[in-house]
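Visitor: Here it is, the structure, as structure tokens.
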Amino acid sequence: MVQGTDVFVIGGGPAGLAAALAARKKGFKAIVADVARPPIDKACGEGLMPDGLAALRDLGVAVDASEGFPFRGVRFLQEGTAVDANFPARHGMGLRRSVLHQKMVEQARDAGVSFLWQTPVAGLCPEGVVVGGTVITARWIVGADGMRSQVRKWAELDTPAHKGIRFAFRRHYHVRPWSEYMEIYWGRDTQAYVTPVGKQEVCAVLISRLPGRRLASLGAEFPQLAERLGPAAGGVERGAITVVRQLDQVYREQVALIGDASGSVDAVTGEGLSLSFHQAAALADALAAGDLRHYQKAHRRLARRPAMTGRLMLLLAGHEGLRERAMHALASDAGIFARLLAVHVGATSPVHLATTGVLLGWRLVTA
């Protein structure tokens, strides 16, 4: 028989595991429930930004370079033009999603988190959650069950408005990484981003507003990339929907949402995992204070930076002329791209951001 707990997490992906780990650091008992069993995979770009790696380390999960592939920054490519910038400090890490999930499960287990794998949660009640016809008492309930969150509906936190729906497809290729950067290729209505995840493996993701686009048609939009990847595809192609969504509120009474359940940014920003790790720390602080209003405030603050980046990326994706001018502007002044990347990983102040905006605006005018 499962005993009651302080924190019951519904959803055992990285966001849910991060919430459980952060709660355990504050001394709370935590249970994680999920209908799947580990390791849980998902179609994603598999790149962890430096701030995400730092947040992961704070949760007790250290990623060794031998388990993935360190990358030094981000590179944009479009029709023969390439611009890149290094992270201001440290590096990012390309890591298979299944490897990351297994590492987080092991750390959570070692930290004393309890698991209910292959266990559906039927609903919420004033005392806690309903599992298998019985009630497990919980002081706090965390919804980490993804973009189509059932917890969000149960807690009446759903908002009908969402925008920026796009379709993403991921596949791995058994080729030696040719770059030390996460690469983003810009096409007319499609983007492809490539992350090295091992010494002999890269992850490629195709994102488009057109649901019919698949990686098999990569050569039509990005022939140079298709030639590099060749026929060395490994594993199955996995698809997902990426949505830009912001909720008015991410908690109600004793229920809080985290990760994609609490709102999301477009996948091309690469910030989904990093954001959920930072949210986990903020949520644990709010639980320790006994007031989820603190989490609401922190959640809004944490979402501003990736939301800004997401709006910029979607603007470039939807306006070819503006994208060409932006590429020329970044190519003419490499320092601007470095500044933008520093903003993206949270390494600069609002003043730095304002200055960068002025510089980019001037370059766009003169490009």
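The values are calculated or read from the model by the stated rules, or taken from the named source; none is laboratory data. Please read all numbers here as calculations on a predicted model, not as lab measurements. Note that each Cβ is placed from the backbone with ideal geometry, even for glycine, and that neighbours are counted across all protein chains shown.
Visitor: Within region 44-66, how many residues are outside any loop (DSSP other than H, G, I, E, B) and either within 19 Å of K25 (Cα to Cα) or in the same structural domain as R24 (by TED's automatic domain parsing) (or both)? Talk me through it step by step, then tell me what you get.
Guide: Filtering region 44-66 down to residues outside any loop (DSSP other than H, G, I, E, B) leaves 47-48, 50-58, 65-66.
Then drop every residue that is not either within 19 Å of K25 (Cα to Cα) or in the same structural domain as R24 (by TED's automatic domain parsing) (or both), which leaves 52-58.
The qualifying residues number 7.
Visitor: I would also like to ask the following. Within region 254-261, can one find any residue that is part of a strand (DSSP E or B) and on the phi > 0 side of the Ramachandran plot?
Guide: To start, the set of residues in region 254-261 that are part of a strand (DSSP E or B) comprises 255-257.
Within this subset, residues satisfying the condition of being on the phi > 0 side of the Ramachandran plot are none.
Looking for residues that are part of a strand (DSSP E or B) and on the phi > 0 side of the Ramachandran plot, one finds none in region 254-261, hence no.
Visitor: Of everything in region 294-307, what is under 16 Å from R252 (Cα atoms), touching a residue at least 40 places away in the same chain (Cβ under 8 Å) and touching a helix residue (DSSP H, G or I) at 6+ places or on another chain (Cβ under 7 Å)? Give them in sequence order. Break it down into steps so the answer makes sense when it comes.
Guide: Step one: of region 294-307, the residues under 16 Å from R252 (Cα atoms) are 294-300.
Within this subset, residues satisfying the condition of being touching a residue at least 40 places away in the same chain (Cβ under 8 Å) are 295-296, 299.
Passing the criteria: Y295, H299.
Visitor: Check off (1) within 30 Å of Q224 (Cβ to Cβ); (2) surrounded by fewer than 22 Cβ atoms within 10 Å (Cβ to Cβ); (3) acidic (D, E) for D158 and give me the number that stays unchecked.
Guide: Condition not satisfied by D158: (1).
Visitor: Against the conditions (1) touching a Lys or Arg at 6+ places or on another chain (Cβ under 8 Å); (2) buried (at least 17 other Cβ atoms within 10 Å of the Cβ), where does A82 fall short? Just the number, please.
Guide: Going through (1) touching a Lys or Arg at 6+ places or on another chain (Cβ under 8 Å); (2) buried (at least 17 other Cβ atoms within 10 Å of the Cβ) one by one, A82 breaks only (2).
Visitor: Identify the single condition in (1) closer than 23 Å to T159 by Cβ; (2) surrounded by fewer than 16 Cβ atoms within 10 Å (Cβ to Cβ); (3) not aromatic (F, W, Y) that S262 does not satisfy, given that it satisfies every other one.
Guide: Condition not satisfied by S262: (2).
Visitor: Another question, then. What number goes with the only condition from (1) at pLDDT below 85; (2) within 20 Å of G270 (Cβ to Cβ) that R301 does not pass?
Guide: In the conditions (1) at pLDDT below 85; (2) within 20 Å of G270 (Cβ to Cβ), R301 misses (1) alone.
Visitor: Taking region 92-119 as the search range and keeping residues that are of a type in the set (A, V, I, L, M, F, W, C) and within 14 Å of the chain's Cα centre (by Cα), which one is nearest to A20 (Cα to Cα)?
Guide: Here is the first cut: in region 92-119, the residues of a type in the set (A, V, I, L, M, F, W, C) are 93, 95, 99-100, 104-105, 108, 111, 113, 115-117.
Among the residues that remain, those that are also within 14 Å of the chain's Cα centre (by Cα) are: 93, 95, 100.
Numbers: M93: 23, L95: 21, L100: 15 Å.
Ranking the candidates gives L100 first.
Visitor: Determine whether region 269-281 contains at least one residue that is modelled with pLDDT of 80 or more, surrounded by fewer than 21 Cβ atoms within 10 Å (Cβ to Cβ) and either among the polar types (S, T, N, Q) or in a helix (DSSP H, G or I) (or both).
Guide: yes
Visitor: Restricting to region 93-114, name every residue that is under 17 Å from T5 (Cα atoms) and surrounded by 20 or more Cβ atoms within 10 Å (Cβ to Cβ).
Guide: A108, V113
Visitor: Mind counting the residues in region 54-75 that are surrounded by 23 or more Cβ atoms within 10 Å (Cβ to Cβ) and either at pLDDT below 90 or closer than 30 Å to F222 by Cα (or both)? So that I can check it myself, show each step before the final result.
Guide: Going residue by residue through region 54-75, those that are surrounded by 23 or more Cβ atoms within 10 Å (Cβ to Cβ) are 55-56, 59, 68-69, 71, 74.
Then keep just the ones that are either at pLDDT below 90 or closer than 30 Å to F222 by Cα (or both); that gives 68-69, 71, 74.
Of the residues in that region, 4 qualify.
Visitor: What's the number of the condition D291 fails, among (1) touching a residue at least 24 places away in the same chain (Cβ under 8 Å); (2) in a loop (DSSP other than H, G, I, E, B); (3) charged (D, E, K, R)?
Guide: Checking D291 against (1) touching a residue at least 24 places away in the same chain (Cβ under 8 Å); (2) in a loop (DSSP other than H, G, I, E, B); (3) charged (D, E, K, R), the one that fails is (1).
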